[in-house]
1. How do the peptides 179-189, 53-63, 362-372 rank, highest first, by the average count of neighbouring beta carbon atoms within 10 Å per residue?
2. To the nearest 0.05, what FRET efficiency results for residue 188 and residue 264 with a Förster distance of 35 Å applied to their C-beta separation?
3. Check which residues have an amide H placed less than 5 Å from residue 34's amide H, if you skip close sequence neighbours.
4. When only Cα pairs under 8 Å and 6 or more residues apart are kept, what is the percent relative contact order across region 282-403?
5. Read through the labelled values [x] 39, 24, 21; [y] 42, 21, 19; [z] 33, 24, 21 and report the label of the one computed as semi-axes √(5λ) of the Cα gyration tensor in Å from the structure.
6. Identify the residues of region 326-355 with backbone N under 14 Å of a label point that sits 7 angstrom from the Cα of residue 286 along the Cα-to-Cβ direction, or state none.
7. Ordered by residue, what ³J(HN,Hα) values in Hz, to whole numbers, does region 136-143 give under the Karplus form 6.51 cos²θ - 1.76 cosθ + 1.60, where θ = phi - 60° and Gly and Pro are x?
8. For the pairs 299/372; 88/337; 184/249; 268/346; 346/366; 97/321, flag any whose C-alpha to C-alpha distance is greater than 22 Å.
Amino acid sequence: MKKTRIALAVATALGLAAGLAQAQISDNVVRIGVLTDMSGAYSDLAGTGSVVATNLAVEDFKAQAKPSFAIEVVSADHQNKGDISSNKAREWFDRDKVDVVTDLVTTSTALAVMKVAKEKNRIALISGAASTRITNEDCNDVTVHWTYDTYALANGTAKAVVKQGGKSWFFLTADYAFGHSLEKDSSEVVIANGGKVLGAVRHPFPGTDFSSFLLKAQSSGAQVIGLANAGTDTTNSIKQAAEFGITPKQSLAGLLMFITDIHSLGLKTTQSMYLTEAFYWDRNDETRAWSKRFFDKQKKMPTMVQAGLYSATMHYLKAVKAANSDDPQKVMAAMKKTPVNDFFAKNGTIREDGRLVHDMYLMQVKKPEESKYPWDYYHIRQTIPAAEAFQPLSASKCPLVKK
């Protein structure tokens, strides 16, 4: 009888301990909200592919970590609008108990959701947006900027083009926070490397007819027209520049381009262009293995946004398990404590300003005759080390950075 009472006591204690452990994760469910562009200018580089990448991360985490908690993924189209994004994030946090919002392609949506995440004490993992404002004056302690930013893009592409002889520049810029940031960072790199900026013109976002803006760029006489835009704005700019005979007399510098853009335009149109990426599917065996899994589901090779989103989701879930909690402060502490080591980043670290620091890659688009198989589009011309790729903390405007 005594042994029975002891056994019951032990069982009860173990049951209580297990209950307490589970109670650390609210509802014993971790909910991930993928808020992205499903129908607009950035849907090809993010969109449904971002949801696919997130689900692959959840699938792999479940197989490897065998968590005691459930994981749910929800998604929505933010239509590249800050108000829609903030309203959806608030609804997810308040009603649907979403723990983390991810992707947020378009700087305006990222900045809007960051504020709501801070207010509601939730986490934002940004893969698609680009502006350095995210880790500078608008930084907060519940946001991580994962994949790339305008400083890294300028530091790669603009520097390479100037060194190749493209000394005079004119910018064609998307008229919102991202375009302004990319133009500013690229201009500074051009000037620092001995070039000069002759002017800029700003177009509405999203745009379709770039003729008047391109003609202004043409009349500037600049050697290089810097495209401080992205997605279909970039591909349409390139197509129309060719139609008007602007190229090849003047060179185009795609300051933010994705492998899906190259695929859409074709190698004949884009050959020899320089661009800066955080990821290339054909870089090594690890990137190829994951990308082929992605391709099987999406029928396209992944962009850096989609690969970065997988990496961010996986790192977040590992941190939840390590902290045995979905409390944002505990999870963020675990994320910052642990290096990121996967096919996307090696020895990546999350700084106090929320910037994930990792290597970037300067690519040059192959000529048609150099491509040997589908999606074989890039030469990797340079690996830009993590320490050089992103803005140094010494230049940060983030109030979280101690100087």
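The values are calculated or read from the model by the stated rules, or taken from the named source; none is laboratory data. Computed from a predicted structure; not experimentally measured. All Cβ positions, glycine included, derive from the backbone under ideal geometry; neighbour counts span all protein chains shown. Ligands, DNA and RNA are stripped out before the accessible areas are found, and what is left, the full protein with its side chains, is counted by its heavy atoms. Shrake-Rupley method; radii C 1.70, N 1.55, O 1.52, S 1.80 Å.
1. Details: 179-189: 23.4, 53-63: 18.9, 362-372: 15.6.
Order by mean packing, descending: 179-189, 53-63, 362-372.
2. Working: r = 30 Å, r/R0 = 0.86.
With R0 = 35 Å, the Cβ-Cβ based efficiency is 0.70.
3. When sequence neighbours closer than 5 places are left aside, the close amide H contacts are 74, 75, 76, 102.
4. On the way: 117 pairs, mean separation 20.0, N = 122.
That works out to 16 percent.
5. [y]
6. Within reach of a label on residue 286, which here means backbone N under 14 Å from a point 7 Å along Cα→Cβ, region 326-355 contributes 339-349.
7. 10, 5, 9, 5, 8, 8, 10, 10
8. On the way: 299/372 19 Å; 88/337 30 Å; 184/249 25 Å; 268/346 33 Å; 346/366 26 Å; 97/321 18 Å.
Going by Cα-Cα distance, 88/337; 184/249; 268/346; 346/366 fall outside the 22 Å limit.
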